[in-house]
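What follows is a short report on a single structure.
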Amino acid sequence: MDCHFGVINTRDKRILVEAGLEASGVHLIPNAIYPLPAMTGYFPEELVLYPVRAIRRKNIGEAILLSLYLRPGQCLGVTQPPNSQIDMGSYQDWQIYVKKNRLNFHFDVGRHYDYSVLVGASASMITTSIAEGFGFTFLEPWTAGKVLWGRRLATICKDFEGDGVCLDFLYDRLDVPIDWFDAGQFLETWQRTVMQTAEILGHCVTQEKMKHFTASLARDGLMDFGLLNERCQRQVLSHLLSDPGAKKHLTSLNPRILFPGAKDDMSEVLENNRSIVTANYGEKNYREQLLSIYERVIHKPVHQRLDKQVLLDAFFDLERFSLLKWGAYEG
């Protein structure tokens, strides 16, 4: 246990120190970013690319929601299917939903086209993920001259923004009215999942605490789309597809769900972010940071202790307790 620890973001460093580790024995070493390959190639439509495996925490339902705001002639493509059985049911049901509703959304585009061609052909990229370790998706698009669109993860993005990367056009939550889905069923599932997870982790959730967090989920009759399970997300999507005024109302609640380039010239942001990512997260800078850490590890013995319960509690955060991450898929 008397060893040094390396972390890829300041969130994890803070949590480990709060759990008892010596700060001098916890070292921040962000991942290196390599420029995305981009080749000229053919794609039949103007592509908005989501370069991920379609696992549940990537929040595919929200990516489908963003596809409803594409310009005519555009489509949204996810590159790869999940490679874990636990994510397959959700993935297959989203495929069925997209096909049934004839949406401009394509799965598995990375199976039919070389990734470098997809990057080169894409007009922009998106992210709707609800949880990340490092957050490559917030940095890589800029290396290929692509604007990023979608959900900002504050605990991850603040590191990049501290270095000067501009992400202030992304949204932190996507508020939807609670009468657009079965809120009673959602709350019942959410509470049950919280209690089951708490029992597994040995975490005590009192009725008072449960009542507090249940009440805080909905703000002024609105709830973050990223907290919902797939069943409720499909109910929201179906409402958007069936009610002519719903899309405009959702935009008024969440103006940042619109593609940032639709209203602003992004050329300055593109150049700013590209240069900062290249300078701060390139291979040369990574090597220098790593050698510096090795030097400190060699010359600084540490005596460590870690409170595992503090560590568990830090990640069992009911304010961001999404059923996509913690709940079983229920169809």
(request) Tally the DSSP beta bridges in the chain and give the antiparallel ones as a percent, rounded to 5. (result) 15
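Report in % the part of the accessible area of the range 1-47 that belongs to carbon and sulfur, leaving out ligands and nucleic acids; probe 1.4 Å. Don't jump to the answer; show the numbers that get you there.
Details: 1450 of 2450 Å².
That fraction is 59 percent.
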(request) Post the alpha-carbon centroid distance, the range 101-144 to the range 224-253, in whole angstrom. (result) 22
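Can you give the Rg to Rh ratio for the range 81-208, taking only C-alpha atoms and Rh from Kirkwood? Please report the intermediate quantities before stating the final value.
Details: Rg = 18.6 Å, Rh = 18.3 Å.
Rounded to two decimals, Rg over Rh is 1.02.
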(request) Express the accessible area of the range 79-133 per residue in Å², computed with a 1.4 Å probe while the remaining protein chains stay in the model. (result) 48
(request) Can you tell me the relative contact order of the chain? Whole percent, Cα pairs under 8 Å, sequence separation 6 or more. (result) 27
(message) Please list log₁₀ I(q)/I(0) at q = 0.13, 0.14 Å⁻¹ for the range 224-331, using the Debye equation with identical point scatterers on the alpha-carbon positions.
(response) -0.96, -1.00
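Considering only protein heavy atoms and a probe of 1.4 Å, how much of the accessible area of the range 181-284 is carbon and sulfur, as a whole percent? Please list the in-between numbers first.
Working: 3020 of 5670 Å².
Here it works out to 53 percent.
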(request) Just report the Cα centroid separation between the range 146-212 and the range 267-316, whole Å. (result) 25
(request) List, largest first, the extents of the alpha carbons of the chain along their principal axes, each in whole Å. (result) 64, 55, 36
(message) Give the lysines reachable from residue 248 as a straight Cα distance under 21 Å; neighbours fewer than 8 places away on the same chain don't count.
(response) 263
(message) Give the lysines reachable from residue 308 as a straight Cα distance under 19 Å; neighbours fewer than 8 places away on the same chain don't count.
(response) 13
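Determine one quarter of the surface area of the Cα convex hull of the range 131-285, which equals its mean projected area, and express it in nm² to one decimal.
Numbers: hull surface 47.8 nm².
Averaged projected hull area, Cα only: 12.0 nm².
The values are calculated or read from the model by the stated rules, or taken from the named source; none is laboratory data. Keep in mind it's a predicted model, so treat the numbers as computed, not measured. Ligands, DNA and RNA are stripped out before the accessible areas are found, and what is left, the full protein with its side chains, is counted by its heavy atoms. Shrake-Rupley method; radii C 1.70, N 1.55, O 1.52, S 1.80 Å.
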